[in-house]
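The values are calculated or read from the model by the stated rules, or taken from the named source; none is laboratory data. Remember, it's a predicted structure, so these values are computed and weren't measured experimentally. Because the Cβ atoms are built from the backbone with ideal geometry, glycine has one as well, and the counts that use them run over all protein chains shown. We work out accessible area using only protein heavy atoms, side chains counted, and drop any ligands, DNA or RNA first. Shrake-Rupley method; radii C 1.70, N 1.55, O 1.52, S 1.80 Å.
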Amino acid sequence: MNIRDYVRDISDFPKPGIVFKDITPLLANPDALVYCADRIVDLCPNTIKIDKVIAVEARGFILGGMIAERLKAGLILVRKKGKLPFEVNSINYGLEYGEDTLEIHKDAIMPGENVLIHDDVLATGGTAKAVCDLVKELGGNVIQCSFIMQLDFLNGKENLTSDVASLLNY
């Protein structure tokens, strides 16, 4: 299956000059959705047990649960500021077109747990690096960061010290 066929370009979104890679056609196709989850799991190192999958708000949530189920791992949600009900650790980070804050529950990861971080797109790497920093702050080990797609021209992979896996590269 060529999942590239299910990603469309939206010009000037969210602001002029940006070409947004829209995965909603991929999400709407059940075969493409299952295919993506299965291929991301195939890219995971099979010699290390993943204890937790972190899904990053919001599009990372969609495949994150599917990946966690396949890996027999727990699912942790990293959310925007003010969305989690329990005590949190927070981090501010830069996006390719702004700034934001991410939070994780303080008890989400136990020291020494192995973590896979999943989000839909690796762009500048700001979001993924912030989530990696949150995991390390809680004592977890980031085994891999996985993405549906990677925007190579933004060099986001250079901001990460962990293994990076993606299904598509642009």
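Some observations on this one:
- When DSSP beta bridges are restricted to pairs lying wholly in the chain, around 40% turn out antiparallel.
- Structure remark: mean-square fluctuation, Gaussian network model of the chain, C-alpha springs under 10 Å; the largest value among G125, G156, G112 belongs to G112.
- Taking the chain as a Gaussian network of alpha-carbon nodes connected by springs under 10 Å, the highest mean-square fluctuation of the residues L134, L33, L77 belongs to L33.
- For a label point 7 Å along the Cα-to-beta-carbon line of D12, residues of segment 79-102 with backbone N under 19 Å: 97
- Fluctuation leader among V135, V41, V78 - the chain, Gaussian network, Cα springs under 10 angstrom: V41
- Using a probe of 1.4 Å on the protein chains alone, the accessible area found for I143 is around 30 Å².
- The heavy atoms of Y170 offer some 60 square angstrom of accessible surface to a 1.4 angstrom probe.
- Per-residue 3J(HN,Hα) values for segment 125-137, derived from phi via the Karplus relation 6.51 cos²θ - 1.76 cosθ + 1.60 with θ = phi - 60°, read x, x, 5, 4, 5, 4, 5, 4, 5, 5, 4, 5, 4 Hz in sequence order (x marks Gly and Pro).
- For N114, distant residues with modelled amide H under 5 Å away: D51, K52, N141
- Only helices enter the 222 nm calculation for the chain: every DSSP H run of n ≥ 4 contributes -39,500 (n - 2.57), and dividing by all residues gives -8000 deg cm²/dmol, rounded to 500.
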